[in-house]
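Comments concern the structure below.
Throughout, read-outs are computed from the coordinates displayed, never taken from laboratory work. Note that the structure is predicted; figures quoted are calculated from it, not measured. FYI the Cβ positions are ideal-geometry reconstructions off the backbone, even for glycines, and counts take in every protein chain you see.
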Amino acid sequence: MNWIFLAEQFLNGFQLGILLFLIAAGLTLVLGIMDLVNLAHGSLYMLGAFFAATFAQWTDSFVLGVLLALPAILAAGMVIEVVALRTLYARSHLDQVLATFGLILFFNSLVQLVWPLDGLTIPLPAYLDGAVELGLGVTYPTYRILIIAVGLLVALGLYLMVAKTRLGMLIRAGASNRVMVGALGVDIKWLFTLVFGLGAMLAGLAGMMMAPILSATSGMGEQILILAFVVIVIGGIGSVRGAFIASIIVGLIDTMGRSFLDVLLLAVLPVNAAEAAGPALSSMLIYILMASVLFFKPQGLFPAQSG
Amino acid sequence: MGKGLLWLAPALALLASPAAAASKIKIGFVTTLTTGAAVIGNDQKNAVELALKHMGNRMGGLEVEIIFADDEFNPQKGKQKTEKLVKKDKVDIVAGYIWSHVLMASASTVLDAGKILISANAGPSALAGKKCNKNFFNISWQNDQTPMALGEVLNQRGIKTLYILAPNYAAGKNMVAGVERTFKGKIVGKDMTKWPTQIDWASEFTKVKAANPDAVFTFYPGKHGPAFIKQYQQAGLTGKVPLYSVYTIDSIGLPRMQKAKMKGVLGTFMTQTWAPDMDNAQNKRFVADFKKKHGRYPTFYASQAYDSMFFIKAAVEAVGGDYGNVTGLRKAMEKADFPSVRGKITMGKNHFPVQNFYLREVVEDADGNWTTAIRSTVYENHVDPYAKDCKM
């Protein structure tokens, strides 16, 4: 174990964190501002991956595929909000969970009907499909560096939008007191549709970025959604800043657990026990973190100011 | 007196005919028809349908009714569907099962009902050893055997240090146990990942790079396989650390990898009991007709599903269509006197096949399609290591 190894594992954790942030940002906004528990957020991640894969096949270019898929998933998100979710705002959280779980099943089956059962693969252009030397002996997959760069740019853009623009002001206001914003004459319906579309686009972008690594497949969204929920609970519901920091923490802890826990356990336990306990414990780490955060700060690390 | 009994023959014939009229054997086939793994299940389903077509949908004069059930890649669902097949549909024989954890959850449902259960893929160690059952047959292999053969290959090729990557579930553990059983070098690292949720190996590949082994051994079935190979390439490991796999690269993944231009997969090695290029009449007909209908090579999952139907057919014929005679069926199945696409295989005393294991290489065929070809025989008539624990 040396510092090159440590640096690469840090990049791995950071990249997972960035990915989680793209998904969690939309999820936390929708839950914080619209008070909607949207289990189908992972389906938007999946749709993003399929859109990008399809467009990439048509245009024979990964970059063009992503650029075309972004407005498509924004539009899809807004249509889903208007058609399916609008009626759910007044309902209890349990109703929302049931209805959006139904949407998951709907979208998973839809994807299996429209696209091949084994999903779609996006070939990466040659300049992205390999590893680069970052100096001092650290090599890292080029494409994952791109994911980190795109994620950081999106985080910066989102920060500027939330902090500096009128739309951002409305979003912040909506997160702290929805009713008051409506009472002040803001068209809440329109704001909700836009926020949902934005969240859909971010989740879709995450799916697009992951498609060349994982392939687009039906049901890919549920695997990542659980982690995204952990992130927003730790970060504080409705807080984009909280989502960013919590994403990075969860990404790093999950990766570091997978990398070092078995080595640490081997030092104190016999081989058989360590081999059995390592994978089990490392997949529990982030849930232990979530439980501790809930115990000490039930509102999350960075709660959105609520009134 | 002789005259007085003449009525008996037609009477018995009449009485017996209701049973003969119900001349239909019901077979339940449990596989995965939804989720990302559905593509494997569909391959099996296609193979079963092809087998039935090739036998004119008849076994020993009986019409065959096949009921497919979807396990949803989930042990609880698999058990529920198996219960429905046994109790509601009242099937005579249950076959199928891709996944070891699904089979382990479902087996007792069939066996407690006194019916015959045939695994067309999963071969968990428990059912081969201590928990073997007189009514359970496996027509594929025991999970440990293929990686054991691979461990032999590694020894033959002078591999001294090995890194192991596999999913943390019944079959994953069996595969790792198998390769550890025969590999004589040093295992410098081992990661058991969460199954089936983990599909990103960034952190594990960084560990592989740091360990710098002579080779990597892996087992990731289904859609995980192409993703694994792709990330292996992106991590810069292809060409640096040779990759040896079992059940990771199949005829579903290969056309996809070819489309995605993942050249790194060509020339990689695996071990298996069957390959599309095996030279026997049964296999030639199976591969040719499957390719004609579905436009690509069948997977090993398909080959075993195809075999399972002919395996049942031979037994039903041996008891003259009397499929209620479970003891007779069992006796016939133990003989395994059927045309396998793998050539001749026999049944071991724990009802797992005794068969050859081959080294296969990923190659381009004469038409430019990526497939696998047999390079050498690693084991001849191999008996799995758990057979000795089976008291039957």
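In a DSSP loop and with at most 15 other Cβ atoms within 10 Å, the trypsin sites (Lys or Arg not before Pro) in the range B:30-101 are B:90.
Shown for A:35, A:129, B:322: other C-beta atoms within 10 Å of each C-beta, ranked fewest to most, produce the order B:322, A:35, A:129. Dipole orientation for chain B: of the candidates B:327, B:266, B:193, B:193 has the Cα lying most toward the positive pole (charges on Cβ; Lys, Arg +1; Asp, Glu -1). The reciprocal of the average 1/r between distinct C-alpha atoms defines the Kirkwood hydrodynamic radius, which for chain B equals 21.8 Å.
What does the charge add up to near residue B:275, with Lys and Arg as +1, Asp and Glu as -1, over the other residues with Cβ less than 15 Å from its Cβ? Its environment carries a net charge of -1. For the range B:125-262, the direction-averaged projected area of the alpha-carbon convex hull comes to 9.0 nm². Each of A:117, A:210, A:51 was placed along the dipole of the protein assembly as shown (beta-carbon charges, centred on the mean Cα), and the one lying farthest toward the positive end is A:117. Taking other Cβ atoms within 10 Å as a rough exposure proxy, B:341, B:86 sort from fewest to most as B:86, B:341. When you work out D = kT/(6 pi eta Rh) for the range B:280-392 at 20 °C and 1.002 mPa s, using the Kirkwood radius from C-alpha pairs as Rh and the Stokes-Einstein form, the result is 134 µm²/s.
Among the trypsin sites (Lys or Arg not before Pro) found in the range B:104-197, those both in a DSSP coil and sparsely packed, with 15 or fewer other Cβ atoms within 10 Å of their Cβ, are B:130, B:134, B:157, B:160, B:184.
Averaged across orientations, what area in nm² does the convex hull of the alpha carbons in the range B:240-302 project? Mean orientational projected area (the range B:240-302, Cα hull): 4.9 nm². What the Cβ-Cβ distance of residue B:88 and residue B:391 gives, at R0 = 25 Å and to the nearest 0.05, is a FRET efficiency of 0.15. With Cα atoms as the point set, the range A:10-296 shows a radius of gyration and Dmax of 19.7, 66 Å.
If you count the DSSP beta bridges with both ends in the protein assembly as shown, what percent of them are antiparallel, to the nearest 5?
Beta bridges within the protein assembly as shown, antiparallel portion: roughly 40 percent.
For the protein assembly as shown, a crude dipole built from +1 on the beta carbon of Lys and Arg and -1 on the beta carbon of Asp and Glu, taken about the Cα centre, is about 740 debye to the nearest 20. Relative to one another, the C-alpha centroids of the range B:61-118 and the range B:234-296 are positioned 29 Å apart. In a reduced charge model with +1 at each Lys and Arg Cβ and -1 at each Asp and Glu Cβ, the range B:89-176 shows a dipole moment near 220 debye about its Cα centre.
Here the protein assembly as shown has an Rg and Dmax of 28.0, 111 Å, counting Cα atoms alone. The label point for residue B:380 and the one for residue B:346, both projected 7 Å from the Cα toward the Cβ, are 1.3 nm apart. Counting neighbouring beta carbons within 10 Å and listing from fewest to most, the residues B:248, B:197 come out as B:197, B:248. Can you classify the range A:228-294 as rounded, prolate or oblate using the Cα gyration tensor, where a ≥ b ≥ c are the square roots of its eigenvalues, rounded means a/c under 1.5, and otherwise it's prolate if a/b beats b/c and oblate if not? Here the range A:228-294 falls in the prolate category.
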